[in-house]
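See structure below.
Just so it is clear, none of the values below were taken in a lab; they were calculated from the coordinates. This one's a predicted model, so the numbers in the text were calculated from it and none came from an experiment. With ideal geometry, Cβ positions are generated from the backbone for all residues, glycine too; neighbour counts draw on all protein chains shown.
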2 protein chains.
Amino acid sequence: MISVADARAALLDLVKPLDVETLRLADTAGRVLATSVSARRDQPPFDASAMDGYAVNAAEVEQHAMFKVVGEAAAGHGFQGRVGAGQAVRIFTGAPVPQGASFVVIQEDVHRKGDLITLSNDPGTNSNIRARGCDFAVGQTVTAPRRLSPADVALLAAMNIAELPVRRRPVVALLSTGDELVMPGQTPGPDQIIVSNTFGLKALLEQHGAEVRVLPIARDTDSALRTAFTLAEGADLVVTIGGASVGDHDLVAGVAQSLGLERSFYKVAMRPGKPLMAGRFGPRAMVGLPGNPVSAMVCGRLFVVPMVEAMLGLPDQPDRLKRAPLAIALPRNGPRAHYMRAMWTGDRLTPFDNQDSSLLSVLAQAEALVLHPPNAPAAAVDDLVEYLTL
Amino acid sequence: MISVADARAALLDLVKPLDVETLRLADTAGRVLATSVSARRDQPPFDASAMDGYAVNAAEVEQHAMFKVVGEAAAGHGFQGRVGAGQAVRIFTGAPVPQGASFVVIQEDVHRKGDLITLSNDPGTNSNIRARGCDFAVGQTVTAPRRLSPADVALLAAMNIAELPVRRRPVVALLSTGDELVMPGQTPGPDQIIVSNTFGLKALLEQHGAEVRVLPIARDTDSALRTAFTLAEGADLVVTIGGASVGDHDLVAGVAQSLGLERSFYKVAMRPGKPLMAGRFGPRAMVGLPGNPVSAMVCGRLFVVPMVEAMLGLPDQPDRLKRAPLAIALPRNGPRAHYMRAMWTGDRLTPFDNQDSSLLSVLAQAEALVLHPPNAPAAAVDDLVEYLTL
């Protein structure tokens with residue numbers, strides 16, 4: 001058995017960053033920046049007023065001082081002249097501070113009569129001016145690779161970057177196998193169940209940036225599997241679900257090998273999970289997930305999501321697990337890492353009693369996976385454990 | 001000034017849950033379930049084997065016992081007969097446990113020769129059988145409202161629910177105002193800047209389930225604003241950005257009122273933020289956000305996202321803030337709640353030094369907003385603070 005970290009590394013070896021495509025900025029949220037980009041301008045592009053008020057020379061600012069208002073500076077419409085001694089310019093938030101001015105007295109500190117103002121309150125020492133380039137200067141970069149957040153998109157807009165190079169979405173083909181499976185909406189036979197992993201994994205991988213193609217369910221025959229694999233043509237990654245372990249009815253590995261899969265097989269020291277089949281399959285990668293619903297989803301999260309991220313060009317960054325205290329005690333763990341479905345109880349995490357890997361109802365309620373490491377000793381209430389948010 | 005909680009409540013009063021639409025299950029991840037749905041079947045639908053092995057009568061299970069293998073049960077193909085005394089059925093994971101059997105001996109504990117098996121190891125007390133309905137039973141509900149996670153989608157598939165009632169996406173029209181603004185890719189005049197809030201808010205609101213329509217930038221004239229508002233026809237919520245405070249060049253409120261806005265105006269005791277304009281605007285709601293980039297994004301997160309969630313039918317559930325220790329000390333706070341951009345330093349949060357509301361570069365780096373409550377005393381390193389993940 002190999003560790004979760006070693007299995008992850010072996011799987012990441014099967015994929016590499018995909019091509020770059022150029023998108024309009026408005027379409028890039030959640031996408032991964034492929035090459036670093038630089039600000040085309042300073043922000044603000046001029047010394048700008050941070051408040052509504054009056055722009056004056058800082059040297060003349062003191063309580064009771066009087067100024068003559070000689071003009072106005074609004075956002076988008078600066079004052080074209082120069083502010084001389086004893087002069088002030090009415091100014092609004094975001095407007096360029098006029099030449100000769102170096103202080104904005106906020107309007108609440110001013111008494112105005114006609115075109116004369118008096119500083120009726122102590123204006124303090126804050127100039128209320130944002131210096132040119134204080135947010136960013138020309139050439140400042142947003143560094144790739146980076147998954148673009150809403151704030152990143154706002155920042156790139158302010159930098160006047162209208163189009164962006166991003167990695168194209170990895171195409172993942174999902175192939176559920178098994179005579180026991182039928183699609184939702186169909187009427188299952190007495191020995192059948194409804195396929196669920198495909199739908200859950202599709203949602204999970206799309207959430208992380210993949211484009212998912214759901215293939216028809218493959219029956220447990222060589223020919224059905226062969227046909228199914230031909231439908232995966234063009235995908236960057238083929239993920240099979242079920243049929244990949246060592247049972248007599250598990251044909252996937254054999255068929256895939258006859259079609260050219262260079263097969264690796266990993267027994268991973270984890271629960272839920274167990275065997276993973278993987279390998280290079282012509283121009284693409286292939287991963288075989290266990291058919292148990294919860295195992296498939298947890299292995300999808302721990303192994304397939306990082307492969308998607310690697311194809312998006314993101315650095316290999318093992319999940320940064322946070323720590324939180326336990327609300328209940330845990331017994332000592334065996335040799336396999338146990339990813340326990342858990343929910344929050346206030347600020348503490350409560351793993352569910354029944355961790356059986358068939359229980360989707362428990363997975364759907366779970367808010368986090370608590371990691372009970374291999375051979376960990378028993379943990380007490382309030383002991384800190386690492387967890388992964390679901 | 002009113003509190004953040006009171007402002008939020010006033011804004012939520014302006015919206016209500018939208019209509020319901022029916023979608024295919026595969027399209028529902030991230031959408032909000034509008035009415036509760038019930039499982040159409042038990043899962044598993046029969047007592048099912050949890051392992052590959054041999055199904056026998058539990059009463060006959062003991063080390064060295066011998067059985068005759070009389071048939072096979074695979075996933076999708078049960079054994080049709082009854083398992084009699086001294087008999088075993090070869091069984092695979094997910095197969096129905098045949099009549100007469102009540103225990104699955106795992107294959108690793110069995111020695112097989114021809115059609116005879118001997119229990120070569122102690123088979124233990126775990127029957128390796130998943131009881132019918134142990135995951136869920138017919139009629140078990142997934143309760144609305146609920147934003148559907150990947151695991152929920154998997155669970156609903158297993159329940160054989162092929163189509164789902166979800167709330168339609170709220171249509172939000174975003175209107176940036178100001179003579180100082182130009183679109184990314186254009187060449188700004190010397191007094192102009194690039195519009196950024198629209199792009200950041202679009203990404204933010206789409207992330208939370210809205211369909212966002214970006215209107216052309218409105219210039220600072222009555223007629224430009226009137227035209228812009230007509231383009232918002234059909235939206236459920238109009239969000240204006242900038243032009244909504246009390247400056248002489250802030251025309252939005254006046255124009256909106258002349259077009260029928262029943263205006264409310266809130267001075268909110270928060271930083272960044274300050275004035276919010278809001279009201280009922282014919283059949284829709286309107287919110288006016290401050291034009292400062294960071295203020296707009298933070299107010300978008302704290303106020304507009306909850307409005308989107310309310311239109312999606314989600315319950316009013318103030319952000320459940322988590323707590324984490326501070327990596328640096330904070331001075332005591334004034335009367336306004338301060339939402340401080342912060343990043344993680346290990347398990348602790350470090351608010352950035354410069355919290356000026358114009359700094360998008362700081363927002364883009366931030367991983368969380370630390371809440372320094374109104375009039376909070378100074379906080380020391382390692383004091384717990386509430387935060388909101390960005």
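Counting from the shortest, the label point at residue A:22, 7 Å from Cα toward Cβ, is 4.6 nm from the same position in each remaining copy.
DSSP beta bridges fully contained in chain A are about 70 percent antiparallel.
Taken as Cα centroids, the stretch B:72-122 and the stretch A:110-130 sit 90 Å apart, rounded to the nearest whole angstrom. Once backbone amide H atoms are built at 1.01 Å from N, residue B:343 has B:350, B:352, B:367 as its partners under 5 Å, excluding neighbours fewer than 5 places away on the same chain. Using a cut-off of under 20 Å, list every residue of the stretch A:29-65 whose amide N is near the label point 7 Å from the Cα of residue A:163 along the Cα-to-beta-carbon line. Residues passing the 20 Å test: A:29-41.
Of all lysines in the structure, the ones whose alpha carbon falls short of 29 Å from that of residue B:267, not counting any fewer than 8 places away in one chain, are A:113, B:16, B:202, B:322.
Shape class for the stretch B:322-389, computed from the alpha carbon gyration tensor (a ≥ b ≥ c): oblate, with a/c not under 1.5 and a/b at or below b/c. Distances from residue B:227 to itself in the other copies, using label points 7 Å out along the Cα-Cβ axis, amount to 5.9 nm in increasing order.
Each residue of the stretch B:14-28 is assigned a 3J(HN,Hα), and the resulting list reads 7, 10, 8, x, 8, 5, 9, 10, 9, 10, 5, 3, 4, 9, 9 Hz, derived from the Karplus form 6.51 cos²θ - 1.76 cosθ + 1.60 (θ = phi - 60°), x at Gly and Pro. Evaluating 6.51 cos²θ - 1.76 cosθ + 1.60 at θ = phi - 60° for every residue in the stretch A:340-354, the Karplus couplings come out as 9, 5, 9, 10, 6, 10, x, 8, 10, 9, 10, x, 5, 4, 9 Hz, glycine and proline recorded as x.
Shape class for the protein assembly as shown, computed from the alpha carbon gyration tensor (a ≥ b ≥ c): prolate, with a/c not under 1.5 and a/b above b/c. For the stretch B:322-389, the relative contact order comes to 49 percent (Cα pairs under 8 Å, sequence separation of at least 6). Ascending distances from the residue A:325 label point to its copies in the other chains, with the point 7 Å along the Cα-to-beta-carbon line: 1.2 nm.
Dipole size of the stretch B:48-130 about its Cα centre, with +1 on Lys/Arg Cβ and -1 on Asp/Glu Cβ: approximately 240 debye, rounded to the nearest 20.
Partner shielding of B:12-18 amounts to 0, given as the average count of beta-carbon atoms from other chains within 10 Å of each residue beta-carbon. Sequentially through the stretch B:294-300, phi angles give Karplus couplings (6.51, -1.76, 1.60; θ = phi - 60°) of 6, 4, 5, 5, 5, 5, x Hz, Gly and Pro residues having no value and appearing as x. Counted over the protein assembly as shown, the DSSP beta bridges are approximately 70% antiparallel. Averaged over the residues of A:347-360, the number of partner chain Cβ atoms lying within 10 Å of the residue Cβ comes to 3. With a 10 Å cut-off around each Cβ of A:201-209, the average count of Cβ atoms from other chains is 4.
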